[in-house]
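S.K.: This is the structure I have questions about; it appears just below.
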Amino acid sequence: MDLESALRCGTNVLTVRENRIDAAIALQFKDVMRQATLVGPSRIILDLSHVEFVDSSGLGAIVGAMKQLPQGKTLELAGLTVTVAKVFELTRMDTIFSIHADLELAFEDEEV
């Protein structure tokens with residue numbers, strides 16, 4: 001599971017460097033997310049711009065990662081590809097997460 005973490009403007013930006021989040025890596029994804037979000041800023045942005053496919057296990061892992069966040073932390077999503085965005089829309093998870101078109105807009109949206 002390739003997950004890159006960077007601090008930007010007081011935000012923990014986690015970039016998934018995989019093209020799929022599916023059953024094969026869902027558990028590992030949740031574990032890596034837990035470690036990456038245990039300490040640090042309260043605002044976390046998950047950059048999914050490299051992810052082309054998310055199945056139900058992957059979606060569950062992303063939701064699980066949000067639910068396991070320490071108190072007071074938030075998880076936002078950025079850079080969803082068309083296919084991944086469709087999964088979030090069809091499952092209505094787009095109403096649960098704050099979703100930004102891309103990482104740059106995530107920071108512009110915060111300033112507004």
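S.K.: Using a basic spin-label model with each label point 7 Å from the Cα along Cα→Cβ, how many nm lie between ALA6 and ASP94?
M.R.: Distance between label points: 2.7 nm.
S.K.: What's the magnitude of the charge dipole for the chain around its Cα centre, counting Lys and Arg as +1 and Asp and Glu as -1 at the beta-carbon? Answer in Debye, nearest 20.
M.R.: Magnitude of the dipole: close to 500 debye.
S.K.: For the residues ILE45, ILE25, what sequence is obtained by ranking on other C-beta atoms within 10 Å, fewest first?
M.R.: Lowest to highest Cβ neighbour count: ILE25, ILE45.
S.K.: Within the stretch 37-111, report the trypsin sites (Lys or Arg not before Pro) that DSSP leaves as loop and that have at most 14 other Cβ atoms within 10 Å. If you can, show how the numbers build up before the last one.
M.R.: Numbers: sites: ARG43, LYS67, LYS73, LYS86, ARG92; in loops: LYS73, ARG92.
Passing sites in the stretch 37-111 are ARG92.
S.K.: Compute the distance in nm between two label points, each set 7 Å from the Cα along the Cα-to-Cβ direction, one at THR74 and one at SER42.
M.R.: Rounded to a tenth, the inter-label distance reads 0.9 nm.
S.K.: Also: With θ set to phi - 60°, apply the Karplus curve 6.51 cos²θ - 1.76 cosθ + 1.60 along the stretch 100-108 and write out the HN-Hα couplings as whole Hz, x wherever there is a Gly or Pro.
M.R.: Those phi angles translate into 10, 4, 7, 5, 4, 5, 4, 7, 5 Hz.
S.K.: A further question on this structure: Quick one: what are the phi-derived ³J(HN,Hα) couplings along the stretch 67-72, Karplus 6.51/-1.76/1.60 with θ = phi - 60°, whole Hz, x for glycine and proline?
M.R.: Listing the rounded values in order: 5, 8, 5, x, 3, x Hz.
S.K.: Further, regarding this structure: Amide H neighbours of HIS100 under 5 Å, counting only residues 5+ apart in sequence or on other chains, H built in-plane at 1.01 Å?
M.R.: Counting only residues 5 or more places away or on other chains, the set is LEU77, ALA78, GLY79.
S.K.: For the stretch 3-107, what does the equivalent ellipsoid look like in terms of its semi-axes, each the square root of 5 times an eigenvalue of the Cα gyration tensor, given largest first in whole Å?
M.R.: 19, 15, 13
S.K.: Using each residue's phi in the stretch 55-62, evaluate 6.51 cos²θ - 1.76 cosθ + 1.60 at θ = phi - 60° and report the 3J(HN,Hα) Karplus result to the nearest Hz, with x for Gly and Pro.
M.R.: Using θ = phi - 60°, the values come out as 9, 4, 5, x, 4, x, 5, 5 Hz.
S.K.: So the label point goes 7 Å from the Cα of ASP55 along Cα→C-beta, right? Which residues of the stretch 86-108 then have their backbone N under 17 Å from it?
M.R.: Of the residues in the stretch 86-108, 87-88 have backbone N under 17 Å from the label point off ASP55.
Rule-based calculations on the coordinates, nothing more; no lab input. Computed from a predicted structure; not experimentally measured. Note that we place each Cβ from the backbone using ideal geometry, even for glycine, and neighbour counts take in every protein chain shown.
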